[in-house]
């Protein structure tokens, strides 16, 4: 056995033993009377966030949530970098011609049933996204779920056979600005809290009355910013995936 493999196995055994010991000392997480349940209840009461999960994500673990938002940002940026246009792939106008090299390609028409159902779901999904986002600190939901639902509403337009309408409603520039506002706004709230409250992402806004829309302090604000970031980052990924087959055909 090589020295490298021996070192890897030794380190793995030590790490595994530490994890077993640590997990063995943890209290049961499923108990309604356990320390975790009491901590969540106290957090919900103290922060006026009836949705204890949102209270944890955007208050107790708000710094971790910032990292998750930045991970989405990095994923979208990485995909854009990977699928970026290279020299020689553009036409004379500086844009890829989606039909060049695929003159015989015929896209089947979207059926009336699919088109009708898709367009009917757009306002329903958009409204649900707004409710889930704005009331995420009161009921189950939150920024990530709201952002995903908002993207689903946009995707329904594409599934209905109107790709260009989707692009007009959410052009690349708008998505990039929305991404910057979501991730940058979250970090800005954290810095303002640092100067006002003395700690990064400290909950410094008025907590309000439990059950009211304007309550829980910065929990609701951070939820909205995460929704913007999630929708924009997922929108960038969706757009890149949609455009890539056309660009490959155009460069063929």
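The values are calculated or read from the model by the stated rules, or taken from the named source; none is laboratory data. The structure presented is a predicted model; accordingly, all values stated were derived computationally and were not measured. Glycine gets a Cβ as well: all are built from the backbone with ideal geometry, and neighbour counts include every protein chain shown.
Within region 140-153, restricting attention to residues that are over 12 Å from the mean Cα position of the chain (by Cα) and modelled with pLDDT under 90, which residue is nearest to residue 178 (Cα to Cα)?
First, pick out the residues of region 140-153 that are over 12 Å from the mean Cα position of the chain (by Cα): 140-141, 152-153.
Now restrict to residues that are modelled with pLDDT under 90: 140-141.
Working: 140: 24, 141: 21 Å.
Applying the filter and picking the extreme gives 141.
If you go through region 175-201, how many residues are more than 19 Å from residue 74 (Cα to Cα) and touching a residue at least 12 places away in the same chain (Cβ under 8 Å)? Don't jump to the end; show me each part of the working.
Keep residues of region 175-201 that are more than 19 Å from residue 74 (Cα to Cα), which gives 189-201.
Going one step further and asking which of them are touching a residue at least 12 places away in the same chain (Cβ under 8 Å), we end up with 189-190, 192-193, 200-201.
So the answer is 6.
Report every pair of residues separated by at least 6 positions or lying on different chains whose Cβ atoms are under 9 Å apart, first residue within region 39-61 and at positive phi, second part of a helix (DSSP H, G or I) and surrounded by 15 or more Cβ atoms within 10 Å (Cβ to Cβ).
As it stands, the answer is 48/55; 48/219, since those pairs meet every condition given.
Based on this model, can you work out whether residue 161 counts as part of a loop (DSSP other than H, G, I, E, B) and crowded, with 18+ Cβ neighbours inside 10 Å? Reasoning before the result, please.
Numbers: part of a loop (DSSP other than H, G, I, E, B): yes; crowded, with 18+ Cβ neighbours inside 10 Å: no.
Criteria not met by residue 161.
Which condition number does residue 202 fail, the rest of (1) surrounded by 15 or more Cβ atoms within 10 Å (Cβ to Cβ); (2) in a helix (DSSP H, G or I) being met?
Checking residue 202 against (1) surrounded by 15 or more Cβ atoms within 10 Å (Cβ to Cβ); (2) in a helix (DSSP H, G or I), the one that fails is (2).
Give me a count of the residues in region 38-53 that are farther than 13 Å from residue 211 by Cα, at pLDDT below 80 and touching a helix residue (DSSP H, G or I) at 6+ places or on another chain (Cβ under 9 Å).
4
If a residue must be in a helix (DSSP H, G or I) and surrounded by 18 or more Cβ atoms within 10 Å (Cβ to Cβ), how many such residues does region 126-157 contain?
The first filter runs over region 126-157 and keeps only residues in a helix (DSSP H, G or I), leaving 126-134, 143-157.
Checking the rest, the ones that are also surrounded by 18 or more Cβ atoms within 10 Å (Cβ to Cβ) come to 128-129, 132-133, 143-147, 149-157.
So the answer is 18.
Considering each of 120, 113, 193 in turn, give the residue that is more than 19 Å from residue 236 (Cα to Cα), surrounded by fewer than 16 Cβ atoms within 10 Å (Cβ to Cβ) and at pLDDT 90 or above. Break it down into steps so the answer makes sense when it comes.
Values: 113 fails: at pLDDT 90 or above; 193 fails: surrounded by fewer than 16 Cβ atoms within 10 Å (Cβ to Cβ).
Going through 120, 113, 193 in turn, the sole match is 120.
Which ones in region 164-174 are part of a loop (DSSP other than H, G, I, E, B) and either surrounded by fewer than 20 Cβ atoms within 10 Å (Cβ to Cβ) or free of Cβ contacts under 8 Å to residues at least 12 places away in the same chain (or both)?
Narrowing region 164-174 to residues part of a loop (DSSP other than H, G, I, E, B): 170-171.
Of everything in region 164-174, just one residue is part of a loop (DSSP other than H, G, I, E, B) and either surrounded by fewer than 20 Cβ atoms within 10 Å (Cβ to Cβ) or free of Cβ contacts under 8 Å to residues at least 12 places away in the same chain (or both), namely 171.
Looking at 227, 187, 232, which is the one that is modelled with pLDDT of 85 or more, closer than 18 Å to residue 70 by Cβ and surrounded by fewer than 20 Cβ atoms within 10 Å (Cβ to Cβ)?
Working: 227 fails: surrounded by fewer than 20 Cβ atoms within 10 Å (Cβ to Cβ); 232 fails: surrounded by fewer than 20 Cβ atoms within 10 Å (Cβ to Cβ).
Testing whether each residue is modelled with pLDDT of 85 or more, closer than 18 Å to residue 70 by Cβ and surrounded by fewer than 20 Cβ atoms within 10 Å (Cβ to Cβ) leaves just 187.
Look at residue 177 and say whether it is modelled with pLDDT of 90 or more, loosely packed, with under 14 Cβ neighbours inside 10 Å and in contact with a helix residue (DSSP H, G or I) (Cβ under 9 Å, 6 or more places away or on another chain). Before you say what the answer is, go through the steps one by one.
Working: modelled with pLDDT of 90 or more: yes; loosely packed, with under 14 Cβ neighbours inside 10 Å: yes; in contact with a helix residue (DSSP H, G or I) (Cβ under 9 Å, 6 or more places away or on another chain): yes.
Yes: the conditions hold for residue 177.
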